[in-house]
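Student: Right, I'll just put the structure down here and ask away after.
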Amino acid sequence: MADNRRWWALVVIALAQLMVVLDMTIVNIALPSAQVALHMSDANRQWVITAYTLAFGGLLLLGGRIADLAGRRVAFMTGLVGFAAASALGGAAVNQGMLFGARALQGVFAALLAPAALSLLATTFTDPKDRGKAFGIFGAIIGAGAAVGLLAGGFLTQYLDWRWCLYVNVPIALVAFAGAWALLPDGGRHPDARLDVPGALLGSAGMLSLVYGFSEAESRGWTDGLVLALLIGGVVLLGLFGYWQTRAPVPLLPMTVVRDRQRIGAFLTVLLVTVGMFGVFLFLTYYMQRVLGYSPVKTGVAYLPITVGMVTGSTQVAARLLHRVPPRMLIVPGLLLAAGALALIAQVGVEPAYASHILPGMLMLGLGMGTAMMTSVSLATGNVAPRDSGAASATFNTAQQVGGSIGTALLNTIAASVTTRYATAHAGSIPDRALLAAKAAVHGFNVATWWAMAALLVGALIAGVVVNADRAPTPQTAPEREPEPVDSAT
């Protein structure tokens, strides 16, 4: 592909990925308005978020293999059309059931679109220098997408209508579709790739069970019977999935994808990064709107420093150094910087602390996350046979989705329990009910943020120990025979 054409292809791929990532957060700000308009109960409103994450997280591995079977360009364009149609359906919802169904459909097509986008990127940019730049931009979009979603959701909800948080996907998807039609290479179908039906059933059921269990833990509690059954069942199903993958003739997740030491390090790092990041986004939103009294738009604007840090870390730090220094020399310092940011943010109180704690913390968090995330994307998708590119990309996206689900559920449960204990313990010493509620909520937020920081430190430790490559790998550019298992020392 000609050089200019490749960079325009990157714009198309990045646009589609931005749409998928920001859709995870843009609806959060619109949710209160949607709840009132469609008469949702407090118990049912979670399904606006859960329906999307369930379908997305549960079907990613299947979506990645379909991209290998049908061709990445076909899968990418099909995902765009389906996502646009589901978004339009959700925007036009006349009742809660219609909205829940549309959100689930969005998740289905996102599970097809996201792995195809990442594998297209990996196979389009194979030159180390250009690959660093391309993955820098892509990593910035992954990291900043959540903050951009909050900003866009605030503007659309406050100045138009909550429905536009869904309608906005339609023009974005159509522009990306036109660009994909004109610019993207076919990506090729791999005749030796086959759909592993038992693996698809076991993997999808296990992921659905696990993601659903984590999402229900937030409202039901970790000791609830349904939550325990879902989590245990998910682990058992995924264990059976792993066992089957070692014996399947053409596995859904080839063992060569997960036996590579560098990819394992990247997958675990991304999982732990998103555990910390998604939970903290939720707490910061609550802190700025409920404690500091920010409007939805002002809250979205207040998140811009994270976006600035992400773009800087991805494009100016990681992209320039990716093929000059060992990957762990980017991931570990990036995660340590992000952990330091959370340590700063965890010290806020009920008094305004945006300029003193939140602003510098967001800049540090964005810079560290952008550097670590972009490097992890490159590790996860490098040195993969083209026929398995979709599977590797899907596994990376799965690690993100599971990490986000774990982080939201786990950190919210910690925050809620700490808040309740604080309010009970200080009920006599703080007679002002509103002040007590604010102090209790902020204390719960602070404790949960310390736990998020711990997740980043564990991620840094894993990256420092597991990732030992001298340089980031590059993708294989031609189909080849099934490679031998990668030795653990490579």
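Student: Go through (1) under 18 Å from LEU272 (Cβ atoms); (2) among the hydroxyl-bearing types (Ser, Thr, Tyr); (3) surrounded by fewer than 24 Cβ atoms within 10 Å (Cβ to Cβ) and name the single condition THR419 misses.
Tutor: Exception for THR419: condition (1).
Student: Might you let me know whether segment 391-402 holds any residue that is open to solvent by 10 Å² or more (accessible area, probe 1.4 Å), at pLDDT 75 or above and among the hydroxyl-bearing types (Ser, Thr, Tyr)?
Tutor: yes
Student: Taking the condition of being among the hydroxyl-bearing types (Ser, Thr, Tyr) and in contact with a helix residue (DSSP H, G or I) (Cβ under 6 Å, 6 or more places away or on another chain), how many residues in segment 54-80 meet it?
Tutor: 0
Student: Now, a different point. Tell me the residue from LEU292, LEU253, LEU230, LEU226 that is in contact (Cβ under 8 Å) with a residue 24 or more places away in the chain and over 30 Å from LEU160 (Cβ atoms), please.
Tutor: Criteria check complete, one pass: LEU253.
Student: Could you tell me how many of the residues in segment 320-332 are assigned to a helix (DSSP H, G or I) and either at pLDDT 95 or above or open to solvent by less than 40 Å² (accessible area, probe 1.4 Å) (or both)?
Tutor: Summing the residues that are assigned to a helix (DSSP H, G or I) and either at pLDDT 95 or above or open to solvent by less than 40 Å² (accessible area, probe 1.4 Å) (or both) in segment 320-332 gives 3.
Student: Condition first: in a loop (DSSP other than H, G, I, E, B), touching a residue at least 40 places away in the same chain (Cβ under 8 Å) and not β-branched (Val, Ile, Thr). Now tell me which residues in segment 333-356 satisfy that.
Tutor: ALA346, GLN347, GLY349, PRO352
Student: Follow-up. Looking at segment 207-214, can you tell me whether even one residue there is over 30 Å from ASN468 (Cα atoms), crowded, with 22+ Cβ neighbours inside 10 Å and in contact with a Phe, Trp or Tyr (Cβ under 8 Å, 6 or more places away or on another chain)?
Tutor: The answer is no; no qualifying residue exists.
Student: Check segment 56-76 and report whether any residue there is farther than 25 Å from SER41 by Cβ, surrounded by fewer than 24 Cβ atoms within 10 Å (Cβ to Cβ) and touching a Phe, Trp or Tyr at 6+ places or on another chain (Cβ under 6 Å).
Tutor: No, every residue in segment 56-76 fails to be farther than 25 Å from SER41 by Cβ, surrounded by fewer than 24 Cβ atoms within 10 Å (Cβ to Cβ) and touching a Phe, Trp or Tyr at 6+ places or on another chain (Cβ under 6 Å).
Student: Looking for something touching a Gly at 6+ places or on another chain (Cβ under 7 Å), open to solvent by 30 Å² or more (accessible area, probe 1.4 Å) and either in a helix (DSSP H, G or I) or modelled with pLDDT of 75 or more (or both) - is there at least one such residue anywhere in segment 460-475?
Tutor: Yes, segment 460-475 has at least one match.
Student: Within segment 1-53, take every residue that is under 23 Å from ALA93 (Cβ atoms), of a type in the set (Gly, Ala, Ser) and open to solvent by less than 40 Å² (accessible area, probe 1.4 Å) and give me the one that is modelled with the lowest pLDDT.
Tutor: Among those that are under 23 Å from ALA93 (Cβ atoms), of a type in the set (Gly, Ala, Ser) and open to solvent by less than 40 Å² (accessible area, probe 1.4 Å), it is ALA30.
Student: Have a look at PHE267, PHE283, PHE278 and point out the one that is in contact with a Phe, Trp or Tyr (Cβ under 8 Å, 6 or more places away or on another chain), open to solvent by 10 Å² or more (accessible area, probe 1.4 Å) and more than 30 Å from THR126 (Cβ to Cβ).
Tutor: None of the other options fit; the residue is PHE283.
Student: Just wondering, is there one or more residues in segment 111-125 that are open to solvent by 40 Å² or more (accessible area, probe 1.4 Å) and polar (S, T, N, Q)?
Tutor: Yes, because at least one residue in segment 111-125 is open to solvent by 40 Å² or more (accessible area, probe 1.4 Å) and polar (S, T, N, Q).
Student: Kindly indicate which of LEU436, LEU411, LEU379 is among the hydrophobic types (A, V, I, L, M, F, W, C), open to solvent by less than 30 Å² (accessible area, probe 1.4 Å), at pLDDT 80 or above and touching a His at 6+ places or on another chain (Cβ under 7 Å).
Tutor: LEU436
Student: Kindly indicate which of TYR294, TYR287 is assigned to a loop (DSSP other than H, G, I, E, B) and not hydrophobic (A, V, I, L, M, F, W, C).
Tutor: Just one listed residue meets the conditions, TYR294.
Student: Residues of segment 233-259 being touching a Gly at 6+ places or on another chain (Cβ under 9 Å), at pLDDT below 90 and open to solvent by less than 10 Å² (accessible area, probe 1.4 Å), which ones?
Tutor: GLN245, LEU252
Student: Select the helices (runs of 4 or more DSSP H) contained entirely in segment 128-208, then report the ones holding at least 3 residues which are modelled with pLDDT under 85.
Tutor: Output list reads 128-159.
Student: Let me ask something else about it. Take the residues in segment 93-108 that are within 19 Å of the chain's Cα centre (by Cα) and surrounded by 23 or more Cβ atoms within 10 Å (Cβ to Cβ), then tell me which one is nearest to ALA205 (Cα to Cα).
Tutor: Checked segment 93-108; the qualifying residue nearest to ALA205 (Cα to Cα) is GLY107.
Student: Moving on to the next point. Identify the residue in segment 422-433 that is of a type in the set (A, V, I, L, M) and in a helix (DSSP H, G or I) and, among all such residues, is surrounded by the fewest Cβ atoms within 10 Å (Cβ to Cβ).
Tutor: My answer is ALA425.
Student: Sticking with this one: What is the residue count in segment 77-92 for residues that are open to solvent by 10 Å² or more (accessible area, probe 1.4 Å), under 20 Å from PRO185 (Cα atoms) and hydrophobic (A, V, I, L, M, F, W, C)?
Tutor: Qualifying residue count, segment 77-92: 2.
The values are calculated or read from the model by the stated rules, or taken from the named source; none is laboratory data. Just so you know, these numbers come straight off a predicted model, no measurement behind them. All Cβ positions, glycine included, derive from the backbone under ideal geometry; neighbour counts span all protein chains shown. Only protein heavy atoms, including side chains, enter the accessible area calculation; ligands, DNA and RNA are left aside. Shrake-Rupley method; radii C 1.70, N 1.55, O 1.52, S 1.80 Å.
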